[in-house]
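Below is one structure, written out as C-alpha cells, with a few remarks after it.
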Amino acid sequence: TVSRVKLLDTIVDTFLQKLVAAGSYQRFTDCYKHFYRLQPEMTQRIYDKFITQLQTSIREEVSEIKEEGNLEAVLNALDKIVEEGKAQKEPAWRPSGIPEMDLHSTIAPYFLQQRDTLQRCVQKQEAENRQLADAILAGRKQVEELQLQIQARQEAWQALHREQRELLAVLRE
Amino acid sequence: SVDPMTYEAQFFGFTPQMCMLRICIAFQDYLFEVMQAVEWVILKNLDGIPDCEISPVQIHRCTEKFLSFMKGCFDNLFGKMEQLFLQLILCIPNILLPEDKYKEIHPYSEEEFQHLQKEIDQLQEKYKTELYTKQTLLAELEEQKIVQAKLKQTLALFAELQNVGRDHGTSDFRESLVSLVQNSRKLYNITDDVEKESK
Amino acid sequence: FDEIIVDIATKRKQYPRKILECVIKTIKAKQE
C-alpha cells in the first residue's frame, strides 16, 4: 500500500504535468501569435517562466497546506489506523445520528465495571450479614441458656426460701 | 446529495470538500496571478518597442483566450484530482477511529443499556439494604453483649451466694440449711427431754 | 453547512471522552 502522503504528492504532480501538457508552448504561441512573431525568444522565456512559476506556486501551496494542517502526520496516522483496522470485514460502525445511543457503547464498559463491583460488594455484604446473623442466633441461644440457668437458680432459691419460711414457722412454734 | 463526510471531518477536523475547495481556490489564484504576470511582462516588453502595432487590448484578449483555455483544463483536471483525493486520501475506509473503538467491542442497544442501568440501580438498592441489615445486626449484637453481661452478672451473684455457703464450711448451702433444720430439731428434742426430766 | 458538519464531528470526537470522564467521576463518587 502506498502511503497517503506519497499518493498526495503523486496526484499533485500528475495534475501539474497534465496542466502543463494542456497549456503547451504551441497553445501559448497560438494565443499570443502577434507577440510571438515579434519576439519569439522572449515568448519562449516568458512561457518557460510561466510554467516554472505556476508549478512552484502550486507546490509551495501544497507544502503550506501540509504544514498548516500537519497533514503529513495526520495522513500517516490515518495510514496506521487503516493498517490496524484492515481485518475489519463487516461494515464498520458509524455514528447513528442519535448521540445518546452512540454514547452508550462508550459508557457501557464502565457501567459493566460498576455493576460487577456492586455485585461483589452485595455478595460480600450478604456473606458478612450471614455470619452476623449466625452470630446473633448463637447469641440469642446463649442468652436463652443464661436465662434458663438463672431461672433454675432463681427457682432453687425460691424453693429454699419457702423451706426457710416453713422452718422459721416450725422454729417459732 | 452531498456526502457530508462527517466521519472524515471527525478525524481531520475539517471536511475534505472544504480542504479541496481551499486547494482549488489557491491553485486558481496562482493561475490567474501567473497569467497576470505574463501579460504584464509582455506589455512591458511591448513598451520598449517603438511604433509597436500590437495594442494592450490585443494582448489582453490573447491573455483571456489562453486563460480561458487553461481554466477549462484546470477545472477538468482539478475535478479528477478532487475525486482521487476524496476517494484515496481524505477518506476513512471501512475502519473505526480510535475514539470509537468501544463501539466495536460493545455495541449496546438502547434496551440493553436501559437494562444495565436498571440492574445497577437494583444492585445499589440491594447494597443499601444489606448495609442497613448489617447495622441492625450489629446493633442487636451490641444489645446481646449487654444482656449477656447482665445475665452473667446475675449468675455470678448466684455463684457468690453459693460460695458464701462454701466459705463457711458447707459445700452446698441448701444441704447446710437442711442439716441446720435437722440439727435444730434435734436440739429442740433434747431441750424438750431435759425439761421433762427436770420436772 | 460545512461549519455544522465540522462542529458535529468535533463534538462526536471530543464529547464522549468528556462525558466519560464525568461518568467515571460519578461512578467513583457513588461508590465512595
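Laboratory data are not the source of any read-out in this text; all were calculated from the coordinates shown. For clarity, every value in this text was computed on a predicted model and none was experimentally measured. Note: ideal-geometry Cβ built from the backbone for every residue, glycine included; neighbour counts use all protein chains shown.
Just to verify a result, which residue in segment B:1-40, among those that are within 18 Å of B:H60 (Cα to Cα) and in contact with a Phe, Trp or Tyr (Cβ under 9 Å, 6 or more places away or on another chain), is surrounded by the most Cβ atoms within 10 Å (Cβ to Cβ)?
Per the stated criteria, the residue is B:V38.
Could you figure out which of (1) touching a helix residue (DSSP H, G or I) at 6+ places or on another chain (Cβ under 7 Å); (2) free of Cβ contacts under 8 Å to residues at least 24 places away in the same chain; (3) at the interface with chain B (Cβ under 9 Å from one of its Cβ atoms) isn't true of A:L78?
The one condition A:L78 does not meet is (2).
Output the number of residues of segment B:100-116 satisfying the condition of being surrounded by 15 or more Cβ atoms within 10 Å (Cβ to Cβ) and touching a helix residue (DSSP H, G or I) at 6+ places or on another chain (Cβ under 7 Å).
Number satisfying all stated conditions: 6.
For A:Q55, state whether it is in contact (Cβ under 8 Å) with a residue 12 or more places away in the chain and not hydroxyl-bearing (S, T, Y).
Working: in contact (Cβ under 8 Å) with a residue 12 or more places away in the chain: yes; not hydroxyl-bearing (S, T, Y): yes.
Judged against the criteria, A:Q55 is a match.
In segment B:1-16, which residues are facing another protein chain (nearest Cβ under 7 Å) and in a helix (DSSP H, G or I)?
B:T6, B:Y7, B:A9, B:Q10, B:F11, B:F12
Residue-by-condition table, conditions (1) crowded, with 17+ Cβ neighbours inside 10 Å; (2) more than 7 Å from chain B (Cβ to nearest Cβ); (3) in contact with a Leu (Cβ under 9 Å, 6 or more places away or on another chain); (4) not polar (S, T, N, Q):
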residue: A:R59; (1), (2), (3), (4): no, yes, yes, yes
residue: A:K66; (1), (2), (3), (4): yes, yes, yes, yes
residue: A:L71; (1), (2), (3), (4): yes, yes, yes, yes
residue: A:E84; (1), (2), (3), (4): no, yes, no, yes
residue: A:P99; (1), (2), (3), (4): no, yes, no, yes
residue: A:D116; (1), (2), (3), (4): no, yes, no, yes
residue: A:Q119; (1), (2), (3), (4): no, no, yes, no
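Take the conditions under 30 Å from B:H60 (Cβ atoms) and more than 7 Å from every other protein chain (Cβ to nearest Cβ) and apply them to A:K49. Does it pass? First the steps, then the outcome.
On the way: under 30 Å from B:H60 (Cβ atoms): yes; more than 7 Å from every other protein chain (Cβ to nearest Cβ): yes.
Yes.
Would you say A:Q88 is more than 33 Å from the chain's Cα centre (by Cα) and either facing another protein chain (nearest Cβ under 9 Å) or exposed (fewer than 12 other Cβ atoms within 10 Å of the Cβ) (or both)?
Numbers: more than 33 Å from the chain's Cα centre (by Cα): no; either facing another protein chain (nearest Cβ under 9 Å) or exposed (fewer than 12 other Cβ atoms within 10 Å of the Cβ) (or both): yes.
Answer is no for this residue.
From the residues in segment B:50-84 that are hydroxyl-bearing (S, T, Y) and under 16 Å from B:W40 (Cα atoms), which one is surrounded by the fewest Cβ atoms within 10 Å (Cβ to Cβ)?
Quick first cut of segment B:50-84, residues hydroxyl-bearing (S, T, Y) only: B:55, B:63, B:68.
Remaining after also requiring under 16 Å from B:W40 (Cα atoms): B:55, B:63.
Values: B:S55: 12, B:T63: 19.
Ranking the qualifying residues of segment B:50-84, first place goes to B:S55.
Based on this model, can you work out whether B:T129 counts as at the interface with chain A (Cβ under 7 Å from one of its Cβ atoms), within 34 Å of the chain's Cα centre (by Cα), polar (S, T, N, Q) and over 30 Å from C:P16 (Cα atoms)?
Details: at the interface with chain A (Cβ under 7 Å from one of its Cβ atoms): no; within 34 Å of the chain's Cα centre (by Cα): yes; polar (S, T, N, Q): yes; over 30 Å from C:P16 (Cα atoms): yes.
When the stated conditions are applied, B:T129 does not pass them.
If B:I59 satisfies all but one of (1) in contact with a His (Cβ under 9 Å, 6 or more places away or on another chain); (2) under 27 Å from A:E64 (Cβ atoms), what's the number of the condition it fails?
Going through (1) in contact with a His (Cβ under 9 Å, 6 or more places away or on another chain); (2) under 27 Å from A:E64 (Cβ atoms) one by one, B:I59 breaks only (2).
Only one residue in B:Q124, B:Q144, B:Q36 is more than 7 Å from chain A (Cβ to nearest Cβ), assigned to a helix (DSSP H, G or I) and polar (S, T, N, Q). Which one? Break it down stepwise before answering.
Numbers: B:Q124 fails: more than 7 Å from chain A (Cβ to nearest Cβ); B:Q144 fails: more than 7 Å from chain A (Cβ to nearest Cβ).
Residue meeting the stated conditions: B:Q36.
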